[in-house]
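Everything on this sheet refers to the single structure shown next.
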Amino acid sequence: MTVFDDWCAKLTLAIMPRRKRQQVGQDEMGNIYMQAGKRRWVVYAREVEASAVPPGWHAWLHRQTDTPPTMSKIPKRDWYLPHRPNRTGTAEAYYPPGHLLAGGQRDPATGDYEAWRPDAGTADTADDAAPSKPDSPDDTRQEAISPPLL
């Protein structure tokens, strides 16, 4: 969602009569969830960032469920982790080993990979490339596809 989308959502709140729109709920981050007819949207409390929408509200916004999380209790499992917004572009972003911003050093290759070389593979493939027989299905298919020349 862009800044323009957030601006449009706030403009909709200002223009749309109160009787047509309904505040459905608010999440723990302060985002407000609205509905007007079949349209559903979020007004972000802070930065416009789609990853700031918790999973239960995401399901409601995308019509995976008709009941918002405030009205239905989603069972809280002990293995659930607290919601974290996307960290890309921040100092807390994940960089895999070998990435330049993670030091640029990676483990050496394990030796189970051998790069292909064009001069090494010619002797093995010569036997596999036998000419096809004239009555093979490939030849009849070719004749069926191309029209005869006059």
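Scanning the stretch 56-114 for residues that are modelled with pLDDT under 80 and of a type in the set (Lys, Arg), we see that the one that is farthest from Gly25 (Cα to Cα) is Arg106. Among the conditions (1) in contact (Cβ under 8 Å) with a residue 40 or more places away in the chain; (2) under 20 Å from the mean Cα position of the chain (by Cα), the only one that Pro68 does not satisfy is (2).
Would you check if there is a residue in the stretch 88-103 being surrounded by 10 or more Cβ atoms within 10 Å (Cβ to Cβ), in contact (Cβ under 8 Å) with a residue 12 or more places away in the chain and more than 20 Å from the chain's Cα centre (by Cα)? Within the stretch 88-103, not a single residue is surrounded by 10 or more Cβ atoms within 10 Å (Cβ to Cβ), in contact (Cβ under 8 Å) with a residue 12 or more places away in the chain and more than 20 Å from the chain's Cα centre (by Cα).
Before we move on, is Thr140 open to solvent by less than 80 Å² (accessible area, probe 1.4 Å) and either at pLDDT below 75 or not small (Gly, Ala, Ser) (or both)? Criteria met by Thr140.
The values are calculated or read from the model by the stated rules, or taken from the named source; none is laboratory data. Please read these numbers as outputs of a predicted model, since none were measured by experiment. Every residue, glycine as well, gets a Cβ built from its backbone with ideal geometry; the counts of neighbours run over all protein chains shown. Heads up: the accessible areas ignore ligands, DNA and RNA and are worked out on the full protein's heavy atoms, side chains in. Shrake-Rupley method; radii C 1.70, N 1.55, O 1.52, S 1.80 Å.
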